[in-house]
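A short reminder: the numbers here are calculations on the coordinates, not readings from a lab. No experiment lies behind these values; they were computed from the predicted model shown. Heads up, the Cβs are rebuilt from the backbone with ideal geometry, glycines too, and the neighbour counts pull from every protein chain shown.
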Amino acid sequence: MKFFDLLDMFVRFVAGLCLFAVFALVTAQVASRFLFNFSLAAASELSIYAMIWSVFLGAAVAFRSNSHIAMDILKKNSPKPFEGVADVLIFISLAGFLCLIAHEGYDLAMRAMRQSSPAAKIPVGYITMAIPVGSILALVFLIEQKLSPFFKDKRHD
Amino acid sequence: MTEILFLALFSLLVMGVPVAFSLGIASVAALYFGSSIPLIIVPQKLFNGLNSFPFLAIPLFLLAGNIMAAAQISERLVKLSGLALGRYPGGLAQMSTGASAFFGAISGSAPATTSAIGSILIPSMVKRGYAPAFAGAVVASSGALGLIIPPSLTMVIYGTIADVSIGDLFIAGILPGIVIACALGVVNYIMAKRLGLTGEPVSADMSPRKVIAESSLALVMPLIILGGIYGGIFTPTESAAVACLYGLIVGMFIYRSITIKSLGPIFIDTAISSAIVMYLMGTANAFSFIITAEQVPQALAASILEFSSNPTLIMVMILVLLLLAGTFLDNVAALVLLVPTLGTLILAVGIDPVYFGVFTVIALAVGNFTPPVGLNLFIAARLSGSRMEDISKSALPYIGAYLVVLVLLILFPKVITLFV
């Protein structure tokens, strides 16, 4: 599972870096307003874009640690076979949703490539692309997380 | 379309699908089976929901909280509250409440406050002979002050969903926050008398001047955030970034508890925990697009108004609903599910949305230390080594304190918006 660990580390790193960019850009914007009495419109726009990438990448790795917020007390307190069925259904609905969002998100990003952002003048498609990229990564981590128990069992045998 | 939406949402939630995805999948199902709107609208709403500057306050306030925790500001605040409250009966319990209130004024999250204060004071309480379950209950209930006393992440989320000024919510949250801290202090006093817990001896290394000097840097923080927003110098988002910068400077150069190496985990952990919250808000945007288009909030509000339009009675019903929702749902999930509908209802009967926001945040805060999903309880159980059931039994008098304050807020609604 070395490949997934590396991918996980990389995605985490980029998500963290994007958050750092959010912090740096907002701070720069405040500083420029105070020091030079000049508002950096591009900085606030870019900070939002950095956050959007950070959100879709972060939401993807959250699948690996199973840390998305769920109301799972009912599932946990139900009989074993029921819990198993629920797990399969959850997996199917999550995977289906992620595939759909990746596909529709890709279409959206392609359309947005022609449109450039008001202040920084970069194609909005570069930002919207976070949706398909994040969804595919989420799908990869979701599948790995579901299948990893089987791999571990084999190694122990 | 509405029937499909709610049926799908309910079954997905009960099955245990993460809330963010339950909202997204239910929206897809409703659009696909109940309308001819192309599904590209779902990623579009997801994107638009996040494409806003005020939203940046969420990751930045989370970041500020994590920086404060890494800077070990909590230890200074515990010493400060020891100086002020340690000598009274149940001194350590009073210190937990006091330090949580201080920490709440620099952090916006209840679990962060619980673990920052609890990891220091629960071991001390157990050592001094407090029952572990009682120690856990004190810290879990006081930790909820973290999201009531501004800055508050829950208020930021409410403000962005309900389109209410976050600055106004923060200012309005100060007084109720202090009142709840005092109410918890009264319960601490009564419990200490009943359990025979004494005050703490004043130790030699606690010279008042030194303790105040050490914690003063931490106490400047709320002044920057609240003063900056109230004075119109910063937007809430900007004040959060300034708070991060201040925390980094204090942590790296003055307290020297944050190193360059520890910066990586702080940013990465915050990125992931804020991504979880923000993704939820994104799919909630797709969901609320459908319910608004179908005028669900208006229909629900109208049917409740048919039953009664007395604001007090409506607030009582909402209180029961919020307490129930807070018990079974995470705060963010409860907000995205309920606020769009309740917001329409309260506006229809003339209840102030700022008042309502503060009220909602306090009512949901109780869910943080009630079973089965109270995050503060989990943390307090882990720190005190006692069972969640036992802690929640000991927390009953503290729940009572919150309920008294909530009822007072229903009876005297004007108090909250006095300073806004």
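With the cut-off at 24 Å, tell me which of the pairs A:76/B:393; A:80/A:146; A:121/B:45; A:76/A:146 have Cα atoms farther apart than that.
none
Angle between the Cα long axis of helix B:41-50 and the longest principal axis of chain B, 0 to 90 degrees, nearest 10?
Approximately 30 degrees, to the nearest ten.
Less than 12 Å apart at the alpha-carbon level, and either on another chain or at least 8 residues along: which aspartates and glutamates does that give for residue A:75?
Cross-link targets: A:83, A:87.
About the Cα centre of chain B, how large is the charge dipole given +1 on each Lys and Arg Cβ and -1 on each Asp and Glu Cβ? Please answer in debye to the nearest 20.
Using Cβ point charges on Lys, Arg, Asp and Glu, chain B gives about 1280 debye.
Pop out the ³J(HN,Hα) list for the range B:207-213 in order, Karplus 6.51 cos²θ - 1.76 cosθ + 1.60 with θ = phi - 60°, rounded to Hz; leave Gly and Pro as x.
Using θ = phi - 60°, the values come out as 5, x, 4, 5, 4, 5, 4 Hz.
What list of whole percents do you get for P(r) of chain B, with Cα-Cα distances grouped in 10 Å bins up to the one holding the largest distance?
Histogramming chain B at 10 Å steps yields 5, 22, 31, 26, 12, 4, 1, 0 percent.
To the nearest 10 degrees, how steeply does helix A:130-156 sit against the main Cα axis of chain A, on a 0 to 90 scale?
30 degrees
Along the charge dipole of the protein assembly as shown, Cβ charges K/R +1 and D/E -1, which of B:233, A:138, B:244 sits furthest on the positive end?
Value computed over the given set: B:244.
When you look at the Cβ of every residue in A:11-24, what mean number of other chain Cβ atoms sits within 10 Å?
The mean count of partner-chain Cβ atoms within 10 Å per residue comes to 6.
Let me have the 222 nm mean residue ellipticity of chain B computed from DSSP H runs of 4+ only, each contributing -39500 (n - 2.57), with the sum over all residues rounded to the nearest 500.
-24500 deg cm²/dmol
Distance between the C-alpha centers of the range B:116-145 and the range B:372-390? Whole Å please.
11 Å
Could you check which residue among B:161, B:106, B:351 shows the biggest mean-square fluctuation in a GNM of chain B with a 10 Å Cα cutoff?
B:351
With axes computed from alpha carbons, what is the tilt in degrees of helix B:166-195 against the longest principal axis of chain B, rounded to the nearest 10 within 0 to 90?
With both axes taken from Cα atoms, the answer is about 50 degrees.
Amide H to amide H under 5 Å from residue A:116: which residues, 5+ apart in sequence or cross-chain, H placed 1.01 Å off N in plane?
Those qualifying (amide H under 5 Å, at least 5 residues apart or on another chain) are A:124.
Tell me, what ³J(HN,Hα) does each residue in the range B:322-337 have, in order and in whole Hz, if you take phi through Karplus 6.51 cos²θ - 1.76 cosθ + 1.60 with θ = phi - 60° and put x for Gly and Pro?
Taking θ as phi minus 60°, the curve returns 5, 5, 5, 4, x, 5, 9, 10, 4, 4, 4, 4, 4, 5, 5, 7 Hz for the range B:322-337.
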